[in-house]
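No lab work stands behind these numbers, since they all come straight from the coordinates. Every value quoted in this text rests on a predicted model; they were computed, and no experiment measured them. Cβ sites come from the backbone with ideal geometry, for glycine too, and all protein chains shown count toward neighbours.
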Amino acid sequence: MTNQRNVLIQAAIKAVRLHGMDGVRMQHIGQIAHATPSSIYLYFKGKDELLRVCYEQIDHEIARIFGKINVTSNEIITDPEQVIHEAWTAYWKWLLSHPDETIFFHYYRDWSGFPEYDMHRDVSHFDPFVRAVNSFYQHHPGMNSVPPILLWLFWLDGTVMYARYVVQGVFPNSQETENAVFRLLMGGLNGLLTTK
């Protein structure tokens, strides 16, 4: 039963990549999963619930990426850009190695219903990452001029958007592209990473 649920989740992620958030239908998901549309309702109440579960699965995986990164206060103080680069690179590499999930994640976050959902969802799986960000704010007072949520959205959405273009073949999947994207994102922190 759980295996079929996972098959449906993966099929929905792929179907959204092919048809978009507004264009995807249960028939598309069923075709990819080799299941009848009616059988999908044995596992999910409807398309909205299935797509929400897909998003949450990807979101939890991204949180695990950041949760694996251990940094010390000393590293945050002495080489903050290196700490950010290591965390960001792990995230970037994951996105590029999961093209269906990347497209889905971008489309879902861009979907008109996302802001309302985002305001009420549980994000406790990001607690380790939030603690690391708070440490940056503690040790780099210049960051206090930017609310953490704005900084997170800038980095998350910027990275996902550029990764989407790479997996769609608009930008080359190269070290040069990776370096350029990181430089652009780091530009948003210009002047904020100061300990004085």
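Determine, yes or no, whether Tyr108 is part of a helix (DSSP H, G or I), among the aromatic types (Phe, Trp, Tyr) and touching a Phe, Trp or Tyr at 6+ places or on another chain (Cβ under 8 Å).
Numbers: part of a helix (DSSP H, G or I): yes; among the aromatic types (Phe, Trp, Tyr): yes; touching a Phe, Trp or Tyr at 6+ places or on another chain (Cβ under 8 Å): yes.
Taking the combined requirement at face value, the residue satisfies it.
Look through segment 42-70, keep the residues that are hydrophobic (A, V, I, L, M, F, W, C) and under 18 Å from Val7 (Cβ atoms), and return whichever of them is surrounded by the most Cβ atoms within 10 Å (Cβ to Cβ).
As a first pass, look at segment 42-70 and keep what is hydrophobic (A, V, I, L, M, F, W, C): 42, 44, 50-51, 53-54, 58, 62-63, 65-66, 69.
From the residues that got through so far, the ones that are under 18 Å from Val7 (Cβ atoms) too are 42, 44, 50-51, 53-54, 58.
On the way: Leu42: 12, Phe44: 20, Leu50: 24, Leu51: 24, Val53: 16, Cys54: 26, Ile58: 21.
Among them, the one singled out is Cys54.
Suppose the filter is among the hydroxyl-bearing types (Ser, Thr, Tyr), in contact (Cβ under 8 Å) with a residue 12 or more places away in the chain and loosely packed, with under 12 Cβ neighbours inside 10 Å; does Ser73 pass it? Break it down stepwise before answering.
Numbers: among the hydroxyl-bearing types (Ser, Thr, Tyr): yes; in contact (Cβ under 8 Å) with a residue 12 or more places away in the chain: yes; loosely packed, with under 12 Cβ neighbours inside 10 Å: yes.
For Ser73, the condition - among the hydroxyl-bearing types (Ser, Thr, Tyr), in contact (Cβ under 8 Å) with a residue 12 or more places away in the chain and loosely packed, with under 12 Cβ neighbours inside 10 Å - is met.
When the residues of segment 143-180 are filtered to those that are of a type outside the set (Val, Ile, Thr), assigned to a helix (DSSP H, G or I) and in contact (Cβ under 8 Å) with a residue 60 or more places away in the chain, which remaining residue is nearest to Ile84 (Cα to Cα)?
First, pick out the residues of segment 143-180 that are of a type outside the set (Val, Ile, Thr): 143-145, 147-148, 150-158, 161-165, 168-169, 171-176, 178-180.
Restricting the remaining residues to those that are assigned to a helix (DSSP H, G or I) gives 143-145, 148, 150-158, 161-165, 175-176, 178-180.
Pick out the ones that are also in contact (Cβ under 8 Å) with a residue 60 or more places away in the chain and you get 155, 163-164, 178.
On the way: Trp155: 11, Ala163: 17, Arg164: 21, Glu178: 14 Å.
Within segment 143-180, the match that is nearest to Ile84 (Cα to Cα) is Trp155.
Within segment 28-69, work out how many residues are part of a helix (DSSP H, G or I) and within 23 Å of Asp110 (Cα to Cα).
Keep residues of segment 28-69 that are part of a helix (DSSP H, G or I), which gives 28-33, 37-40, 47-67.
Those still in the list that are within 23 Å of Asp110 (Cα to Cα) too: 28-29, 47-66.
Adding up the residues that qualify gives 22.
Tell me the residue from Ser97, Ser39, Ser112 that is surrounded by fewer than 17 Cβ atoms within 10 Å (Cβ to Cβ), more than 15 Å from Leu156 (Cβ to Cβ) and within 16 Å of the chain's Cα centre (by Cα), please. Outline the logic, then answer.
Working: Ser39 fails: within 16 Å of the chain's Cα centre (by Cα); Ser112 fails: within 16 Å of the chain's Cα centre (by Cα).
After applying the criteria, what remains is Ser97.
Does Gly191 satisfy being surrounded by fewer than 16 Cβ atoms within 10 Å (Cβ to Cβ) and touching a helix residue (DSSP H, G or I) at 6+ places or on another chain (Cβ under 7 Å)? Before you say what the answer is, go through the steps one by one.
Details: surrounded by fewer than 16 Cβ atoms within 10 Å (Cβ to Cβ): yes; touching a helix residue (DSSP H, G or I) at 6+ places or on another chain (Cβ under 7 Å): yes.
Yes: the conditions hold for Gly191.
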